[in-house]
1. Contact order normalised by length for the chain, with contacts defined as Cα pairs under 8 Å and 6 or more residues apart; what percent is it?
2. For labels at S101 and L197 in the simple 7 Å Cα→Cβ model, what's the distance in nm?
3. So for region 128-198, averaging the separation of alpha carbon pairs under 8 Å that are six or more residues apart and normalising by length, what relative contact order in percent results?
4. Work out from phi, with θ = phi - 60° and the Karplus expression 6.51 cos²θ - 1.76 cosθ + 1.60, the ³J(HN,Hα) of each residue of region 108-121, listed in order in whole Hz, and give x for Gly and Pro.
5. Could you compute the net charge surrounding F154? Neighbours are other residues with a C-beta less than 14 Å from the C-beta of F154; K and R count +1, D and E count -1.
6. Using a Gaussian network model of the chain with C-alpha springs under 10 Å, which one of V77, V173, V50 is most mobile by mean-square fluctuation?
7. If one computes the Cα centroid of region 115-153 and of region 4-82, what distance in Å separates the two points?
8. Go ahead and set up a Gaussian network model of the chain, Cα springs under 10 Å, then flag whichever of L53, L138, L157 fluctuates most.
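We did not get these values from a lab; they are worked out from the coordinates using the rules stated. This is a predicted model, so every value here is computed, not measured. Neighbour counts run over all protein chains shown; Cβ positions are idealised from the backbone, glycine included.
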Amino acid sequence: MSAAVAAEASPPYPLTYDVAYPERLSRWLIFVKWLLAIPHLVILYVLQIVAQLLTFLSFFAILFTGRFPRGLFDFNVTIYRWAANVSAYVGLMRDEYPPFSGEPGRYPVAFDIEYPERLSRWLIFVKWLLVIPNVIVLVLLALVAAVLYIVVFFAILFTGRFPRGLFDFVVGVNRWSYRANAYSSWLMTDRYPPFSLK
């Protein structure tokens, strides 16, 4: 079976994430984005605690019903989308100030998780263990990305551009990380995250 046929045979992963590539970036904003994002970071800190509590409640809902309550699921997706928007801004991938919202389509970051009609009642106990190979690779990739951000910072400072290859790499690492989280910590899918930046 060819790779193209295999790709068509397997459905796309239920979490999608992408960031629109910016042709130009501000050379001075790279110094203050982290500061400008503080209001978002404070609100998201509180909201992510709420999301963790809702996931804890959803653990029992999945255990007894095999379903993640739809309202809780949608609320958590909204929080994670908001966090993804702010992460793209602070991570020097976009210059537009993110909205104080996780509503889709309001920022040039695509983030969505497909709602699963059924979830395994037993997988919730072992997902944290099964995801360890992904975590090991992601730690190594995150270290590489952290070193590359030094190059990115100076590239934006001198050229006003985030080098496209490095941009795609960082987006890919983020995508993989979000998928691993959606599977293990967020309990939002039973599909094992692929070992892929795509």
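1. On the way: 228 pairs, mean separation 60.8, N = 198.
This gives 31 percent for the chain.
2. Computed distance between label sites S101 and L197 equals 3.3 nm.
3. 35 percent
4. Calculated HN-Hα couplings, in order: x, 10, 9, 9, 7, 10, 6, 6, x, 5, 9, 10, 5, 6 Hz.
5. Working: positive: R27, R161; negative: none.
My count for the surroundings of F154 gives +2.
6. V50
7. Taking the Cα centre of each part, region 115-153 and region 4-82 sit 14 Å apart.
8. L53
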